[in-house]
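The values are calculated or read from the model by the stated rules, or taken from the named source; none is laboratory data. None of these values were measured; they are calculated from a predicted model. Positions of Cβ are backbone-derived with ideal geometry, glycine not excepted, and every protein chain shown enters the neighbour counts. Heads up: the accessible areas ignore ligands, DNA and RNA and are worked out on the full protein's heavy atoms, side chains in. Shrake-Rupley method; radii C 1.70, N 1.55, O 1.52, S 1.80 Å.
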Amino acid sequence: MDLVAYTGLTVPWLALVGLIIVAAAIVQLGLGMGFGLTAAPLLALIDPELVPVPTLILGMLSSGWGAFGERHAIAWNEVATGAIGRVAGVAAATGVLAVLSDERGFSIAFGLMVGLAVAMSVFGRRIPFNRPNLIGVSALSGLMATITSVGAPPLALIYQDRPPGEARPTLAAFFALGCLLALAGLAMAGRAGLREVALAALMLPPMLAGILIARRLRGRFDRRYRPALLAMAGMAAVLLVLRGIA
């Protein structure tokens, strides 16, 4: 099968998509999250069908790669706790998608919520890291990721004060599992098809290139881990609102 012809994307657009995916993979392996945040808003402008399913497929693969590379440092008890909330969030999103007529309103609402959380964190308020809060932000992450393909910001806020060497692999493992759950929910809602899988296959080579580059940059992210997470969450807030308005 000629994937390029099947997806309908021209070579120049494919080249631009490839650059976006390379950058997203570098961010994902450096922070343990952020593939969807980096890629989704730009990919949606090129072709709305590039999100959420193709982005989630690649996010799952890049997260899984990062988690496997640092598997010795994964806090599996935190992944299991977060998975409880993630399942609840994906289930809620699946129900919403079945009757949803205006995804823009959800995007704006989520963007404002994330922006408020970032502002609280910057001005001295923290989300305490405990089991109930982890389940709660994981549920919100699952809801956001399934509907908008951007689910990292809530987890970024609760993990901002955790040591990078522990947080990064744990978040990577969580998002690998979370993307799989979101994809299952989207399939149940009838939002996943062969074209989305073909688009993900076309984006796989640049994702692998981004992973190779990220391996050489490992360690540079650690020095500015918390500011990077807050900046990423703040950027998500702005992009989600703009995406809803556009």
Report task. Please indicate, with yes or no, whether at least one residue in the stretch 18-30 is small (Gly, Ala, Ser) and part of a loop (DSSP other than H, G, I, E, B). Result -> no
Requested in this report: Output the residues belonging to the stretch 61-88 that are open to solvent by 60 Å² or more (accessible area, probe 1.4 Å) and closer than 13 Å to Leu180 by Cβ.
Outcome: Leu61, Val87
**Report entry** Selection status of Gly34, closer than 16 Å to Pro169 by Cβ and at pLDDT below 85
**Finding:** yes
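Do any helices (runs of 4 or more DSSP H) lying entirely in the stretch 116-200 carry at least 1 residues that are open to solvent by 60 Å² or more (accessible area, probe 1.4 Å), and which ones are they? Can you show your working first?
Working: elements: 131-148, 152-158, 164-188.
Because the criterion is at least 1 residues that are open to solvent by 60 Å² or more (accessible area, probe 1.4 Å), the helices (runs of 4 or more DSSP H) in the stretch 116-200 that meet it are 131-148, 164-188.
For every residue, the table says whether it meets (1) within 11 Å of the chain's Cα centre (by Cα); (2) open to solvent by 30 Å² or more (accessible area, probe 1.4 Å); (3) without any contact (Cβ under 8 Å) to a residue 24 or more places away in the chain.
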site	(1), (2), (3)
Ala23	no, yes, no
Leu29	no, no, no
Met33	yes, no, no
Ala40	yes, no, no
Leu50	no, no, no
Leu56	yes, no, no
